[in-house]
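Okay, structure first, notes after.
The values are calculated or read from the model by the stated rules, or taken from the named source; none is laboratory data. Just so you know, these numbers come straight off a predicted model, no measurement behind them. Here Cβ is always computed from backbone atoms with ideal geometry, including for glycine, and neighbour counts include all displayed protein chains. Note: areas computed on protein heavy atoms with side chains; ligands, DNA, RNA excluded. Shrake-Rupley method; radii C 1.70, N 1.55, O 1.52, S 1.80 Å.
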There are 2 protein chains.
Amino acid sequence: MCGIVAYVGHREACPVVIKGLKRLEYRGYDSAGVALMNGHGLKVYKKKGKVVALERELEGKETHSTIGMGHTRWATHGEPNDVNAHPHYSFHRKLAIIHNGIIENYAAIKQALLKKGHTFTSETDTEVLGQFIEDIWENNGGTLEDAVRLALQEVVGAYAIVVMSETDSTQLIAARKGSPLVIGVGEENEFFLASDATPIVEYTKDVIYLNDYEIAVIKEGDLKIVNLDNTTTTPYVHKIEMELAAIEKGGYDHFMLKEIFEQPRSIADSMRGRVQADAGILQLGGLRDYMDKLARSERIVIIGCGTSWHAGLVAEYIFEELARIPVEVEYASEFRYRNPIIKEGDIVIAISQSGETADTLAAIELAKSKGATIFGVCNVVGSSIARATDAGAYTHAGPEIGVASTKAFTAQVTVLTIMALEAAQRKGTISESLFRQLLVELESIPAKVEMVLQAADKIKEIAYIFTYARNFIYLGRGLNFPVALEGALKLKEISYIHAEGYPAAEMKHGPIALIDEDMPVVVIATKDSSYEKVVSNIQEVKARKGRVIAITTEGDTDLPGMVDFTIEIPKVHSMLMPLISAIPLQLLAYYIAVMRGRNVDQPRNLAKSVTVE
Amino acid sequence: MCGIVAYVGHREACPVVIKGLKRLEYRGYDSAGVALMNGHGLKVYKKKGKVVALERELEGKETHSTIGMGHTRWATHGEPNDVNAHPHYSFHRKLAIIHNGIIENYAAIKQALLKKGHTFTSETDTEVLGQFIEDIWENNGGTLEDAVRLALQEVVGAYAIVVMSETDSTQLIAARKGSPLVIGVGEENEFFLASDATPIVEYTKDVIYLNDYEIAVIKEGDLKIVNLDNTTTTPYVHKIEMELAAIEKGGYDHFMLKEIFEQPRSIADSMRGRVQADAGILQLGGLRDYMDKLARSERIVIIGCGTSWHAGLVAEYIFEELARIPVEVEYASEFRYRNPIIKEGDIVIAISQSGETADTLAAIELAKSKGATIFGVCNVVGSSIARATDAGAYTHAGPEIGVASTKAFTAQVTVLTIMALEAAQRKGTISESLFRQLLVELESIPAKVEMVLQAADKIKEIAYIFTYARNFIYLGRGLNFPVALEGALKLKEISYIHAEGYPAAEMKHGPIALIDEDMPVVVIATKDSSYEKVVSNIQEVKARKGRVIAITTEGDTDLPGMVDFTIEIPKVHSMLMPLISAIPLQLLAYYIAVMRGRNVDQPRNLAKSVTVE
C-alpha cells in the first residue's frame, strides 16, 4: 500500500507526478504530497485526503521543476493528516524522503536522534529515517548515496524509498526491501520511479524491477544500481506489455464495474493457450517441470489473504475432489507466525493479485526455509511473489485498479482449477470423460459469465431495495461456501455494510439468532448435490421471517415461490460453479455501494495491495 | 432440537409433562403442546410460544390424566404457530403423535394419503407420519404397535416419536432413529420418556437409552423393546449420576451465568484423574488403547459445528505445534457432503457437547465407511456420538442448559489439550521440561479462571457502554483467533448483535472498511509472540477511529494508553491461553444481552442440541 512516483528528466515533473499519483491512488489515499525543486530550493507540499486536495493546494504555487517525487498514503503509524503525509523533510531540510513499508526499529533510532537534540514534526517512522540519513550525511563526510546505504544497513523492516536533496536537482536515490519499486527508462535520459508500472506505462515500456537490498542512484541522466554492500549490479530491462487503455475506465463509471464486465475476457485470457477442449489438452507452461511433483504430492498448503484466501478455499474443494490430494488453506498472516508442518513432497501454493502482499511474501520465505516447493498464482507480472516462488502461473487478468478484487478472483479460480484438473489427470483420479466434460465446460464459462452480466439491471433493482440494509448474511454450501464469503467481503469493502458469509448449515449453530425481518440473507442455491439441503436452510430462515435473495440455476421453478428475490444463473458443472455464482454477488455489492454514495474504487481505510504486515 | 417428554403411571401426568417441558425448553421453544386422556378421550392442547403460554392455555381445562405426552418445538417445516405445534392428531383422531427430526420422504407419503382423500391441517412432516400410521392401523388389521413398525419401515429420515391412542390409556409407543430418546424406569411400574434425561432425573436414576431402529412399547405397566424387524431386545438399564441441582439455576439469574461461573470447577472436573502435574503423568482413560495410534497418525481431521468447531480450531494449533501432526478442521455439515480424503492411519476427532448433533453424527458415519478411526469428545454421557465412535473422552462439564455454550467450550479445549499433550509426549515432539511446565500450568487454570471471574463487575460496566452497539468485530491471532470467533458467536447468539471474528491481520484485506467510531472492536492482545503485531493491528484500527476493547495480560502498561478499555487476564503459557481468554468474552456477551433485555438462556431461533441437519 501507499503509492510512490518520481521523475527526473526533460519534462515538467509536477504534472507527471500528479498524474502518476492519481493512477496510484488505488494503493492508498489518506493523504498525498509532492517534493519539487522550483528555484526556491527543495519544497514539499502535502495535504490530507485525496490527490485532488493536493492539486488544490498546489494552485497558484510555483511548481516549475524537472525533478519531483510524490506519495499517496495508507496510514500505518499515526493518523492520516497533513503533518503525517509524505514527503518528509529531514531535520535541516537538506533532503526529503517518501517511503512505503514499516521501519520496525524506528523507535530506537528516534531515541538516539532525540538525544542529539533532534525534534520531530510527525509521528511517522519515515521522518525518523529521513533524519537518520541526513545525520549520517552531515557527520560521515561521504555522499548522499553513501549516507542512504549506511542508514539502510541499520534499518530493520520493509521499505521502498525515494530521496531528493537540495544540493542536486538531477539526483534521485531509491531503494527497496520488501516493498516494490519499478524504474522506467524513458527517452533522452529521463527516468521514472514508481511503486508499480501503472504511472510509467504511458511514457515508456522499458522498466527495471529493483530487487531487495538494491539502491538505485539516478544522477545527471545516468542510472547506477548498487547493493547494500556497495557492489554494483547490472540491471535487466524488461519490456512490459500493459496498455494504457487497460488502466483507464473506458466509459464505465468505476474501475470496479469495468473490471466486473471484463470477466468474460479476463477468464478467457487466463485460459488462453492452456485449455484446448477439442484436443483434450490442458497445460500450464510455467508449471510444466513441476506438474509431476504436484500430482505426486501428499499434501498441498495454500496461502493467501482476503479474496485470494477465498480463491484458495475454492481450490481446496476442487483439488480434494478431483486430484484426491488433501489441501490445507491458511491465512498467510497466521501461517507465518506459527511453526507450520511442512514435509518433503508438500507443495505450497501462494495466491496474490499484486504479488506484493507482505504477509504472503513472508509466509513464502518461511515455507522455503522448511524446504517446501512453492508455486505462485499472481496477476502482476514480475512481482515479488512471482519472483520468490519456484514456479507459477500468471492469472493474466490484466491490471486490476478497483480496490475490491473482482476479475482477479475469477482468474485465480480459473488458474487453480486448471492446475487441479491437470494434477488429477496425471494422477489418474479423474475419468477421461469427466476430464473432457470439464474442459468443454471451462471453455463455455466466458459466454455464461456474459449471460449473468446481462442480468445487471435486475440485480440493480434488488440492490435498490436493500440499499439501506444494515447487515447481510451470505450462505452457500460446498464450492459455493467460499463464494458466499467472497460475496460478503465485497459488500463489506465497498458499502461498509456488515456482511458475513457462512456455510449454510452452520446457521443453526448460532448465527440464525440474527435473523429477523431486517436481516437480508443471500443464499447461493444452485442445483447440485446439496440443493435440497440448502432449500431446507432457506426454509429455516424464512420460518424466522428473514428476507431471502437466492442465486438459482436457470429453470428452477421451486425457489421463486419460496424466497423474496431470485437471480438466475446458467447451469454449469458444480466444480466450475464459483466462476459463475461469484458474478451476481459482485454486481449486488457494486450497485448497493453506488446507491449508498460510496467511493467504490477507493473505499475508506483500504488499499489495493497490502505491502505492510 | 425439539423436546419430547411423556409419562404413564400412577401420578398425574399433566404436571409431570409440563415440568419436563420447562426443563427441555432449552432444546426449542417456538411452540409447545400436550396430549392427555382426560375422560373426554384423547385431547390435544397446543400453543405458539413458550411453555408458559401453553400453561395459560390449559388453565380451567380438565387435565386429569395418568398418561400424557408433551413437545416443545424448534421449527423446521412450517413456521412456528398453533397449528404446526405438536402433538398432531391423526386423520380420524384415533392417535396423536409427537416427533423430533425430519421425515425426508414425507411429500411422497402425503401425496399417497391425499389420493385416499385425507386432508391436512398443518404443514408439518409429523402430521403426515401420524396419518400414515393410523391409515395402516385401520387397514392392516394389526395392533397399533404393528402399524407403527410398518410405517417406520417406509420412512426415510430421522426421528424420535411418541404415539398415544384413544383406545388404550396405559399405552405409549416410542421409537427412534437418529434423534435421541431416553426411557426412565420409575416406581410402581411407571415410565417416563424424554429426549434427554433432564426431565427424568428428579423421579428416577434408572434409564434406558433407546437405540436406532428400536421401538419401545409401554402397555399396562410393562415395557417391551423390539427392533423394526420385530425381534425383541433386552434393554440395559443405566444408572445416571446427574443431580437435580446440576440442572437448576442455583441462585444465578440465568443458567448461562451459572455455567460461566462454574468453569473453575468444570475445567477441574475435565482434568480430574487425567492430569497429575507433580508426577508428570497424563492419561485419558477412554483413549488408553488408542493413544499410540493417535501419536503415530499422519493426519487428524477434526469435525464439529458452531462452538465445537471453534474448540477444534484451538486444538489444531496445539496438535500441530506440540505433536507435529497436520490437522484439518472441518464443518461437519460440509464434510459429510463431500467425498473427504481419509487415509489409513488418519484419525477423526468428532466434537459435540450434546453428542447428538445430526451433522456431526452423519459425518462420523461417513468417516467410518472410509475406514477412519474415530474419537469422540462429548459432554453428555451415553449420547449417540459417544456410542458411535471407536473411543473417546468425556468432557465432564456437567449438564449445560444455557443455549449459548460456555463451560462446554472450555471443557472441550481442556480435553483436546490433554489429548495433544499426551500424543506429543508419546511421539517425543515435546521436551520433558515444556511438558512438565504445561502440566503445572494446566493445574493452575481453574484458579486463573476464578481471577477472571472476579473482574465480572468491570466487564459489566464496559457492557453497559456498548449495550446499543449494532455491530462488533473480534480480533485475535494464533490460538486467540478461534477465541475471537467464539466470542463473536456468543454475542451473536444471545444479544442478536452482528458480531464477527477475524484473524487480526486479515483486517487490512477488507473488513477494516467497516471501521469507524460506531464500530467497537474487541482485540485479544495477550503477551505472546504475536503481541507486537497485534498492537500494530490495534493502531490501524485506532487510526480509523474504531473503539477498542483489549483483553490484555496483567501488568501490560502500554495498551491502556492506546485503547479505550482494557480487561486484564492472568499470564499463562500461550498454548493454554484460550482457556483464560474465552472467559471475559463470555461475560461481555452475557451482560450486553441482559442489558438489552434478551432472553439469555433461550435466545430466539436457536435450540440447544441441533438434532436436525
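For the reader, a short list of remarks on this structure follows.
- Antiparallel beta bridges, as assigned by DSSP with both residues in the protein assembly as shown, represent about 60 percent of the total such bridges.
- Remark on B:CYS2: its backbone amide H falls under 5 Å from those of B:GLY28, B:TRP74, a criterion applied only to residues 5 or more positions apart or on other chains, H modelled at 1.01 Å from N.
- D_trans [Stokes-Einstein, Kirkwood Rh over alpha-carbon pairs] for the stretch B:455-602, 25 °C, 0.890 mPa s, µm² s⁻¹: 165
- Lys, Arg +1 and Asp, Glu -1 on Cβ, resulting dipole of the stretch B:249-452 about Cα centre, debye, nearest 20: 300
- Contact residues in the stretch A:317-354 by the 50 Å² criterion (accessible area, 1.4 Å probe, full protein complex versus chain alone): A:TYR317, A:GLU320, A:ARG324, A:PRO326, A:GLU328, A:TYR331, A:GLU334, A:TYR337, A:ARG338, A:ASN339, A:ILE341.
- Between the stretch A:381-399 and the stretch A:542-560, the Cα center-to-center distance that results, in Å: 40
- Residue-wise HN-Hα coupling along the stretch A:235-245, computed from phi with Karplus coefficients 6.51, -1.76, 1.60 (Hz; x: Gly, Pro): x, 9, 8, 8, 9, 9, 9, 4, 9, 4, 4
- Residues A:VAL83, A:VAL185, ordered by accessible area of protein heavy atoms at a 1.4 angstrom probe radius and largest first, appear as A:VAL83, A:VAL185.
- Between the stretch B:566-583 and the stretch A:289-326, the Cα center-to-center distance that results, in Å: 35
- Other residues whose C-beta falls under 11 angstrom from the C-beta of A:PHE91 contribute a net charge of -1, scoring Lys and Arg +1 and Asp and Glu -1.
- Distant-in-sequence amide contacts of B:ILE567, defined by a placed amide H-H separation under 5 Å and a gap of 5 or more residues or a different chain, comprise B:ALA550, B:ILE551, B:THR552.
- Karplus-based coupling profile of the stretch A:510-520, in residue order and whole Hz: x, x, 4, 4, 6, 6, 8, 5, 8, 10, x, with θ = phi - 60° in 6.51 cos²θ - 1.76 cosθ + 1.60 and x standing for Gly or Pro.
- Within the full protein context, the accessible area of A:TYR106 is estimated at about 50 Å² for a probe radius of 1.4 Å.
- Fraction of antiparallel bridges per DSSP, the stretch B:249-452 only, in percent to nearest 5: 10
- Fully extended contour minus Cα-Cα distance, from B:THR170 to B:LEU223, at 0.36 nm per residue: 18.0 nm
- Protein accessible surface hidden between A and B, which excludes ligands and nucleic acids, total in Å², probe 1.4 Å: 6700
- A:HIS310, B:HIS92, reordered so the largest accessible area comes first (probe 1.4 Å): B:HIS92, A:HIS310
- Inter-centroid distance (Cα atoms) of the stretch A:106-136 relative to the stretch B:473-490, Å: 37
- Solvent-accessible surface of chain A, averaged per residue with a 1.4 angstrom probe and all protein chains in place: 33 square angstrom.
- B:GLU104/A:ASN339 FRET efficiency (R0 60 Å; Cβ-Cβ; nearest 0.05): 0.85
- Net charge over other residues, Cβ less than 13 angstrom from the Cβ of A:ALA108 (K, R count +1; D, E count -1): -1
- 3J(HN,Hα) from dihedral phi, the stretch A:221-226, Karplus parametrisation 6.51/-1.76/1.60, rounded to Hz, x for glycine, proline: x, 10, 10, 10, 10, 10
- Sum of -39500 (n - 2.57) over DSSP H runs of 4+, divided by residues of chain B (222 nm, nearest 500): -11000 deg cm²/dmol
- Residues whose amide H falls under 5 Å from that of B:GLY501, counting only those 5 or more places apart or on a different chain, are B:TYR474, with hydrogens built in the peptide plane.
- Cβ-defined net charge surrounding B:LEU559, 13 Å radius [Lys, Arg +1; Asp, Glu -1]: -4
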